[in-house]
Structures are given as structure tokens and as C-alpha cells.
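The values are calculated or read from the model by the stated rules, or taken from the named source; none is laboratory data. A quick note: this is a predicted structure, and the numbers were derived from the prediction, not measured. All Cβ positions, even for glycine, are placed from backbone atoms using ideal geometry, and neighbour counts span all protein chains on display. Ligands, DNA and RNA are stripped out before the accessible areas are found, and what is left, the full protein with its side chains, is counted by its heavy atoms. Shrake-Rupley method; radii C 1.70, N 1.55, O 1.52, S 1.80 Å.
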Amino acid sequence: VRRWMILAMRALVVAGLVFTLGRPLASGWLGLAAGNSTDTTIVLMDRSPSMSAMDSGNVSSKLASGRQQLGEALDKLNSKHWVLIDSATSKPSELGSSADLMSAANAEPSGASADLPTMMQSALEYVQKNQTGRTDIWICSDLRQHDWDSEGGRWSAIRDRFLELPQACRFYL
């Protein structure tokens with residue numbers, strides 16, 4: 001019996017580690033107890049023409065399904081401020097709630113290509129200017145190489161500036 005108890009405790013420790021590292025979104029009383037309150041949620045919305053393409057097997061575009069999935073995830077957050085940065089303007093615009101993302105005009109398809117480093121730079125400037133508290137940054141993109149410019153040198157500079165911030169910033173893709 002003692003060996004079974006030891007095995008059960010070890011299994012609980014491993015499950016606890018997996019749960020903790022997975023950083024699940026908690027809502028309701030569990031979210032409040034765990035301190036899952038976010039001061040500002042920033043959404044970076046890729047509106048490039050590639051996001052208007054239909055996914056294989058889906059009846060909606062990548063942008064429409066991304067907005068729907070984002071809306072479902074963001075409804076679980078307890079955020080005080082909502083900000084949308086779209087790829088056409090790269091300018092932050094305040095939203096009243098997460099539900100406003102579905103009806104925002106600057107979340108509709110656009111003919112301009114996305115520049116994710118510029119959008120991330122805009123998010124960084126917003127965080128610095130408004131001295132937000134804990135900030136979550138959600139990125140809705142189809143991960144096209146051209147939009148991300150991963151070969152450019154801007155990403156390391158942006159990362160370093162985010163690391164210098166006094167407040168915590170979490171990123172979701």
C-alpha cells in the first residue's frame with residue numbers, strides 16, 4: 001500500500017508540473033484565486049490578403065476563424081483594457097470589450113501586407129506610453145514568412161526592449 005501511495009504522489013507531482021507549465025486560462029473563482037487578472041490585453045491582427053484565403057476543410061477564411069477563436073479565448077480573460085493593433089495601420093485602437101473585436105472595422109480583411117515586427121513595436125510603444133500593468137499580447141496570424149520578416153534584425157531589438165520593461169508581458173500566438 002505504501003508503494004502505491006508513493007506512486008500516486010509522484011503522479012500528482014508530474015501532473016501538477018504539466019498543469020503549471022501549460023499555463024491554462026482560468027476563469028471564474030479559480031482565475032481570481034490564481035491572480036489571473038490582466039491589466040491590458042493587446043491583439044495584433046494580421047489582415048493581409050493571405051488571411052482572406054480559405055483554410056482546407058473550413059467554410060470561413062483564416063481571418064474569420066482566427067477572430068472567432070480569439071473571441072472565445074479572450075472571453076475567458078479578466079482584462080481591464082482591450083487594444084487592437086491591425087496590420088493595415090499598425091496603430092493601437094481601444095476596444096470596449098473583447099466582444100468588440102468581432103465587430104471592429106479595423107479587423108476586417110485588407111489589401112495591405114502585414115508587418116509583424118512593426119505591429120510588435122507599436123504594442124511595445126503602447127505599453128511604455130500608457131504604463132500598463134501586466135499585459136497579454138495575442139497575435140492572430142497565418143505565420144507567413146514575408147509578414148514576420150524573421151531574417152530581419154528587428155526581432156532581437158524588440159525582444160530586448162520587452163525584457164527591459166518593469167511589468168510582465170505574456171505572448172500568445
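Has region 156-171 got any residue that is closer than 27 Å to G22 by Cβ, touching a Cys at 6+ places or on another chain (Cβ under 9 Å), at pLDDT 80 or above and open to solvent by less than 60 Å² (accessible area, probe 1.4 Å)?
For region 156-171, residues closer than 27 Å to G22 by Cβ, touching a Cys at 6+ places or on another chain (Cβ under 9 Å), at pLDDT 80 or above and open to solvent by less than 60 Å² (accessible area, probe 1.4 Å): present.
Which numbered condition in (1) modelled with pLDDT under 80; (2) in contact with a helix residue (DSSP H, G or I) (Cβ under 9 Å, 6 or more places away or on another chain); (3) outside any loop (DSSP other than H, G, I, E, B) is the only one that V43 fails?
Among (1) modelled with pLDDT under 80; (2) in contact with a helix residue (DSSP H, G or I) (Cβ under 9 Å, 6 or more places away or on another chain); (3) outside any loop (DSSP other than H, G, I, E, B), V43 violates only (1).
For S37, only one of the following conditions fails: (1) out of contact with any helix residue (DSSP H, G or I) (no Cβ under 8 Å at 6 or more places or on another chain); (2) at pLDDT below 90; (3) more than 19 Å from I139 (Cβ to Cβ). What is its number?
(1)
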